[in-house]
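Undergrad: Quick one: the structure is below, and I'll ask about it shortly.
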Amino acid sequence: MDYISTRDPKGTRASFSDILLGGLAPDGGLYLPADYPQLDDDTLTRWRGVLAEEGYAALAGEILQLFVDDIPVDDLKAIAARAYTYPKFSSEDIVPVTELEDGLYIGHLSEGPTAAFKDMAMQLLGELFEYELSRRGETLNILGATSGDTGSSAEYAMRGRDGISVFMLTPAGRMTPFQQAQMFGLLDENIHNIALSGVFDDCQDIVKGVSADLDFKKKNRIGTVNSINWARLMAQVVYYVSSWIRITESNDQKVSFSVPTGNFGDVCAGHIAKSMGVPIDRLIVATNENDVLDEFFRTGDYRVRTSAETMETSSPSMDISKASNFERFIFDLLGRDAERTADLFGTQVKDGGFSLSDDPTFPSAASQHGFLSGTSTHADRVSTIRDCWERLGVMIDPHTADGVKAARDLRDKVNSPIICLETALPVKFADTIREATGGEPEVPERFKDILDTDMRVEALPNDLDVVKNFITDNIVEA
């Protein structure tokens, strides 16, 4: 399996292990498989048996083999087995699926150590990083940005690992107290939290700015855990497969997914699974008031917002107006035209966005690739949380509420059961839960005292050079 950049018209090939540690391609593009593996009926049938008899980790090991050919198969299986264990994940199923109401299900992605779906990829990434660095005798300094859950998931996956340091940028004051406590309460020497003045998109721009400085990146051995790293999407493909298996009995049955998203990473993994031949009907892109993606799938216009225009909402992990992973889908939508993709994302996005409304490829976003979209307001989230709790006895977090609302709105356009992918446990968003239900969300025992912990965080201005200096002052020595 070789990988190519979305912006390289020459189609230069790279190996999995090389792109694992590198993040962005040197030309600023994102890596994708040169060709998506294609699944046949026999493979899908075999995977049903693997999940039923051996469990989620074994299924993950099977899927990873399709994307990774430079790590021995037995090692890949062992990596997956270490990543997905009980009770590190609080369910033996790792990703259980339960019925919310007729035709609508919840895919529980928040059973991991930080109660967020990001654990699904990060736990695997931590194992892959440690394996590959040990094999090469190298160190890595991870730079990431988070609007809520990526940071804690990455830090819990990387804390205490030899040869790895983490530098995580957060938008100052834009996370919930629980989310801040999860991150800032980690006092491990290899974990560095940075509260940046600005919004998530500013943090993401800093990460891209560091990655674009190839000399700095190479000298300081900078890698990334944000969803621009292909390995995260690869890991997320697994739960699309497992969730499909759990609610179907035969391979001719399709399911749809409603996916709360801001950065397009989670739903992009669904696009990849569908492109491989997983029987997926529709992919519903669920946004909040920051509805850049919903606007595109309705109109063909991708109009990025400025930091000032990015609203602070009650589903903060989706307060994003420049969706990094969207480039991967547009690359596929345009027939893998790297030159055109480079112009759209390397030039036009910087000038405010682009339009494909008159492009002949745009209708295939829905017809061929299956995308639909919807959006929610704070009032919608509160109403949805209240309804799920009072009528159905199920507590959901505000992001998952965005997904449930979109699924309900679009149900008449979908001819299959819909699985809404859970984003986080409600305990992370207690204020909104109290507003919606009048009560407190359940606090899992492992998080009982989290708000009382000591915290460590560095406040920095939104300045690329200042962040670079902080990194060089604190990097892991080779």
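Undergrad: Just the residues that are surrounded by 13 or more Cβ atoms within 10 Å (Cβ to Cβ) and either within 18 Å of G107 (Cα to Cα) or not acidic (D, E) (or both), please, taken from segment 404-414. Walk me through it before giving the result.
TA: Within segment 404-414, the first condition is being surrounded by 13 or more Cβ atoms within 10 Å (Cβ to Cβ), and the residues that meet it are 404-411, 414.
Result: V404, K405, A406, A407, R408, L410, R411, V414.
Here is a yes/no grid of residues against (1) open to solvent by less than 10 Å² (accessible area, probe 1.4 Å); (2) part of a helix (DSSP H, G or I):
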residue	(1), (2)
L32	yes, no
L39	no, no
R48	no, yes
E53	no, yes
A57	no, yes
A60	yes, yes
L64	yes, yes
I71	yes, no
K77	no, yes
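Undergrad: To continue, here is another question. Could you check, for segment 15-24, whether at least one of its residues is surrounded by fewer than 21 Cβ atoms within 10 Å (Cβ to Cβ), touching a strand residue (DSSP E or B) at 6+ places or on another chain (Cβ under 9 Å) and closer than 21 Å to G277 by Cβ? Before the answer, list the steps.
TA: Step one: of segment 15-24, the residues surrounded by fewer than 21 Cβ atoms within 10 Å (Cβ to Cβ) are 15, 17-18, 21-22.
Next cut, touching a strand residue (DSSP E or B) at 6+ places or on another chain (Cβ under 9 Å) only: 15, 18, 21-22.
Okay, now just the ones that are also closer than 21 Å to G277 by Cβ, so none.
So far as segment 15-24 goes, no, none of its residues is surrounded by fewer than 21 Cβ atoms within 10 Å (Cβ to Cβ), touching a strand residue (DSSP E or B) at 6+ places or on another chain (Cβ under 9 Å) and closer than 21 Å to G277 by Cβ.
Undergrad: Next question, about the same structure. From the list F257, F200, F216, pick out the single residue that is modelled with pLDDT of 95 or more and either farther than 30 Å from F16 by Cβ or touching a strand residue (DSSP E or B) at 6+ places or on another chain (Cβ under 9 Å) (or both).
TA: After ruling out the rest, the residue left standing is F257.
Undergrad: Checking I396 against (1) assigned to a helix (DSSP H, G or I); (2) buried (at least 24 other Cβ atoms within 10 Å of the Cβ); (3) not charged (D, E, K, R), which single condition isn't satisfied?
TA: Going through (1) assigned to a helix (DSSP H, G or I); (2) buried (at least 24 other Cβ atoms within 10 Å of the Cβ); (3) not charged (D, E, K, R) one by one, I396 breaks only (1).
Undergrad: Filtering segment 447-478 down to residues that are farther than 30 Å from F216 by Cβ and in contact (Cβ under 8 Å) with a residue 60 or more places away in the chain, which residue is surrounded by the fewest Cβ atoms within 10 Å (Cβ to Cβ)?
TA: To start, the set of residues in segment 447-478 that are farther than 30 Å from F216 by Cβ comprises 447-454.
Of the ones still in play, those that are also in contact (Cβ under 8 Å) with a residue 60 or more places away in the chain are 447, 450-451, 453-454.
Details: F447: 17, I450: 15, L451: 15, T453: 12, D454: 8.
Ranking the qualifying residues of segment 447-478, first place goes to D454.
Undergrad: Filter segment 268-325 for residues that are within 22 Å of D252 (Cα to Cα), open to solvent by less than 10 Å² (accessible area, probe 1.4 Å) and touching a Ser or Thr at 6+ places or on another chain (Cβ under 8 Å) and give the result. Explain how you work it out, then say what you get.
TA: Taking segment 268-325 as the starting set, the residues that turn out to be within 22 Å of D252 (Cα to Cα) are 269-284.
Then drop every residue that is not open to solvent by less than 10 Å² (accessible area, probe 1.4 Å), which leaves 269-273, 276, 278, 280, 283-284.
Matches in segment 268-325: I280, L283, I284.
Undergrad: Select from segment 414-440 the residues that are charged (D, E, K, R) and modelled with pLDDT under 95 and write down the one among them that is nearest to M175 (Cα to Cα). Give the steps one after another, and end with the answer.
TA: Taking segment 414-440 first, the residues charged (D, E, K, R) are 422, 428, 431, 434-435, 440.
Okay, now just the ones that are also modelled with pLDDT under 95, so 428, 431, 440.
Numbers: K428: 10, D431: 12, E440: 19 Å.
Result: K428.
Undergrad: Suppose we filter segment 343-393 for residues that are assigned to a helix (DSSP H, G or I), exposed (fewer than 14 other Cβ atoms within 10 Å of the Cβ) and of a type outside the set (A, V, I, L, M); how many remain?
TA: 6
Undergrad: Would segment 415-438 turn up any residue that is surrounded by fewer than 13 Cβ atoms within 10 Å (Cβ to Cβ), outside any helix (DSSP H, G or I) and without any contact (Cβ under 8 Å) to a residue 60 or more places away in the chain?
TA: Scanning segment 415-438, I find at least one residue that is surrounded by fewer than 13 Cβ atoms within 10 Å (Cβ to Cβ), outside any helix (DSSP H, G or I) and without any contact (Cβ under 8 Å) to a residue 60 or more places away in the chain, so the answer is yes.
Undergrad: Considering segment 354-403 alone, what residues qualify as being among the charged types (D, E, K, R) and under 19 Å from A116 (Cβ atoms)?
TA: Restricting attention to segment 354-403, the residues satisfying the condition of being among the charged types (D, E, K, R) are 358-359, 380-381, 386-387, 390-391, 397, 402.
If the condition is that a residue be among the charged types (D, E, K, R) and under 19 Å from A116 (Cβ atoms), then R381, D397, D402 are the ones that fit.
Undergrad: Scan (1) touching a strand residue (DSSP E or B) at 6+ places or on another chain (Cβ under 8 Å); (2) open to solvent by 10 Å² or more (accessible area, probe 1.4 Å) for the single condition T6 breaks and write down its number.
TA: The number of the failed condition is (2).
Undergrad: Is one or more of the residues making up segment 385-398 within 15 Å of S315 (Cα to Cα) and touching a strand residue (DSSP E or B) at 6+ places or on another chain (Cβ under 7 Å)?
TA: Yes; the residues of segment 385-398 include at least one that is within 15 Å of S315 (Cα to Cα) and touching a strand residue (DSSP E or B) at 6+ places or on another chain (Cβ under 7 Å).
Undergrad: Does M311 satisfy being in contact with a strand residue (DSSP E or B) (Cβ under 7 Å, 6 or more places away or on another chain), of a type in the set (A, V, I, L, M) and at pLDDT below 95? Working first, answer last.
TA: Working: in contact with a strand residue (DSSP E or B) (Cβ under 7 Å, 6 or more places away or on another chain): no; of a type in the set (A, V, I, L, M): yes; at pLDDT below 95: yes.
When the stated conditions are applied, M311 does not pass them.
Undergrad: Output the number of residues of segment 120-145 satisfying the condition of being in a helix (DSSP H, G or I), of a type in the set (S, T, N, Q) and surrounded by fewer than 24 Cβ atoms within 10 Å (Cβ to Cβ). First the steps, then the outcome.
TA: If we filter segment 120-145 for residues that are in a helix (DSSP H, G or I), which is where we start, we get 120-136.
In the following step, the residues that additionally are of a type in the set (S, T, N, Q) were identified as 123, 134.
Next, only the ones that are surrounded by fewer than 24 Cβ atoms within 10 Å (Cβ to Cβ) stay: 134.
Total satisfying the criteria: 1.
Undergrad: Here are some residues: T384, T377, T347. Which one is more than 30 Å from A436 (Cα to Cα) and β-branched (V, I, T)? I'd like the intermediate steps shown before the answer.
TA: On the way: T384 fails: more than 30 Å from A436 (Cα to Cα); T377 fails: more than 30 Å from A436 (Cα to Cα).
Checking each option against the conditions leaves just T347.
Undergrad: May I ask you to list the residues in segment 146-195 that are assigned to a helix (DSSP H, G or I), at pLDDT 90 or above and open to solvent by 20 Å² or more (accessible area, probe 1.4 Å)?
TA: Hit for segment 146-195 is Y156, nothing else.
The values are calculated or read from the model by the stated rules, or taken from the named source; none is laboratory data. Remember, predicted model here, so these are calculated numbers, not experimental data. Here the Cβ is made from the backbone with ideal geometry for all residues, glycine too, and neighbour counts use every protein chain on show. We work out accessible area using only protein heavy atoms, side chains counted, and drop any ligands, DNA or RNA first. Shrake-Rupley method; radii C 1.70, N 1.55, O 1.52, S 1.80 Å.
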